[in-house]
Each structure stands twice: as structure tokens, then as C-alpha cells.
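Participant: Okay, here's the structure, questions in a sec.
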């Protein structure tokens with residue numbers, strides 16, 4: 001229930017002598033540290049989100065990526081508003097989602113800011129090979145799959161923005177490989193003896 005709807009309902013209830021209670025307002029907020037501890041137990045596939053605006057490129061490692069629909073092909077990507085890539089994505093309206101294989105942990109660390117003094121454009125240098133996809137969006141060669149996307153909507157969400165994106169390009173890797181995942185506050189690998197084509 002939105003604040004305006006709640007206020008209207010409260011006024012209407014007051015006029016009739018009744019009382020309206022918002023379930024949202026009645027719930028105590030969750031402790032942030034408890035929430036973070038819980039989220040450490042939610043495993044997620046690791047992707048590098050990359051974008052370009054003019055000659056400027058920026059990227060970050062993320063797990064907050066989700067399929068929205070197949071028709072139309074649409075993804076959502078959550079990006080912290082404080083990172084440089086956020087402004088680049090907003091300016092260009094373009095981004096890529098590059099899903100990492102287990103052997104690409106060095107790429108994940110580089111774009112997660114875990115390599116000292118490597119920021120901005122330097123993240124694209126030294127590890128991994130990048131090429132331009134449709135409309136110039138950076139795509140990581142050798143990833144499990146790369147999705148080139150056009151942003152169709154930006155939704156504020158606390159410290160982050162949810163970018164709703166139409167997929168304009170899909171580039172699958174030549175070979176299937178186990179994915180790189182993030183669990184318990186660290187990068188991890190799936191213990192798979194065999195991969196089968198679906």
C-alpha cells in the first residue's frame with residue numbers, strides 16, 4: 001500500500017469511525033546485518049555487466065541478474081547507484097550481461113574491484129578479450145553467454161537501480177563449461193562430473 005493510498009484510507013476510516021491499519025507500517029524493519037548474513041547463503045551466477053558511452057567503458061561484477069520474459073526477450077539487472085558503471089549505463093541506455101565460467105574468476109575479481117589500482121578502463125585490460133557487439137556494447141569473448149541489451153526502463157530500488165532491458169543480441173560460448181558462482185561471501189565452483197546438453 002503506497003503512502004498516499006494509506007493516508008486516504010486512514011482519512012476515510014476516521015470519517016466513518018473505523019480504523020485502518022497498514023500491514024506494511026505494522027512490520028518491524030529487518031536488521032541490515034541479519035539480511036546480509038542471509039543473502040550470503042543465496043548462491044548466484046557471476047556476471048560482468050559492461051557498458052559504453054562514447055569512448056568511455058565501465059563494468060562491474062554482479063549476481064543480481066534475472067530473466068523477466070522470453071517473449072519479448074527481457075532481463076533485469078540491478079546496479080548500485082554509487083558505481084561508475086551506473087552513470088555510463090544511464091547515459092548510453094546499453095549494457096551487456098556476460099555470464100562467467102569457473103575459469104574466469106580473475107575477470108570477476110578485476111571487475112569486482114578486488115585488484116588494487118585497477119579501475120575504469122583498466123578493468124578491460126590485462127585479462128579477458130573484449131569485442132564490440134551491436135551498438136558498440138562491450139561483449140566478453142569466452143564467457144558462457146553474453147547478452148547485449150538495450151535499457152527500456154529504470155526503476156529506483158533503495159541503493160540500486162533496476163534496469164529493465166530488452167535483449168538485442170545473444171552470443172553463446174563455443175563450449176559448455178561449469179559456471180562461476182558466488183556463495184558465502186566468496187567465489188565458488190559447482191562440483192559437476194559431467195555436463196549434458198539439454
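Read-outs: derived from the displayed coordinates by stated rules, not from any lab. As the structure is a computational prediction, the values presented were derived from the model and not from experiment. Glycine gets a Cβ as well: all are built from the backbone with ideal geometry, and neighbour counts include every protein chain shown.
Participant: What does the extension gain come out to for residue 154 and residue 172, with contour length at 0.36 nm per residue minus their alpha carbon separation?
Facilitator: Net length gain for the segment: 3.8 nm.
Participant: How long are the three semi-axes of the equivalent ellipsoid for the range 31-187, computed from the Cα gyration tensor as the root of 5 times each eigenvalue, in whole Å, largest first? Let's see the in-between values first.
Facilitator: Working: eigenvalues 88, 72, 58 Å².
Square roots of five times the eigenvalues give 21, 19, 17 Å.
Participant: Using Cβ counts within 10 Å as a stand-in for footprinting exposure, how do 186, 134 rank, fewest first?
Facilitator: Exposure proxy ranking, most exposed first: 186, 134.
Participant: As a footprinting exposure proxy, order 165, 66 by other Cβ within 10 Å, with the fewest listed first.
Facilitator: 66, 165
Participant: For labels at residue 39 and residue 190 in the simple 7 Å Cα→Cβ model, what's the distance in nm?
Facilitator: The two pseudo-label positions are separated by 2.3 nm.
Participant: Most exposed first by the Cβ proxy, i.e. fewest other Cβ within 10 Å, how do 61, 161, 129 rank?
Facilitator: So the ranking, lowest neighbour count to highest, is 129, 161, 61.
Participant: Under the rule a/c < 1.5 gives rounded, and otherwise a/b versus b/c splits prolate from oblate, where does the range 101-198 land using the Cα gyration tensor?
Facilitator: It is rounded, given that a/c, with a ≥ b ≥ c, falls under 1.5.
Participant: Using Cα pairs under 8 angstrom and six or more residues apart, how large is the relative contact order of the range 31-187, in percent?
Facilitator: Dividing the mean separation by the residue count of the range 31-187 yields 29 percent.
Participant: Subtracting the Cα-Cα distance from 0.36 nm times the residue separation, let me have the gained length for residue 129 to residue 69 in nm, one decimal.
Facilitator: Working: separation 60, 0.36 × 60 = 21.60 nm, distance 2.93 nm.
Net length gain for the segment: 18.7 nm.
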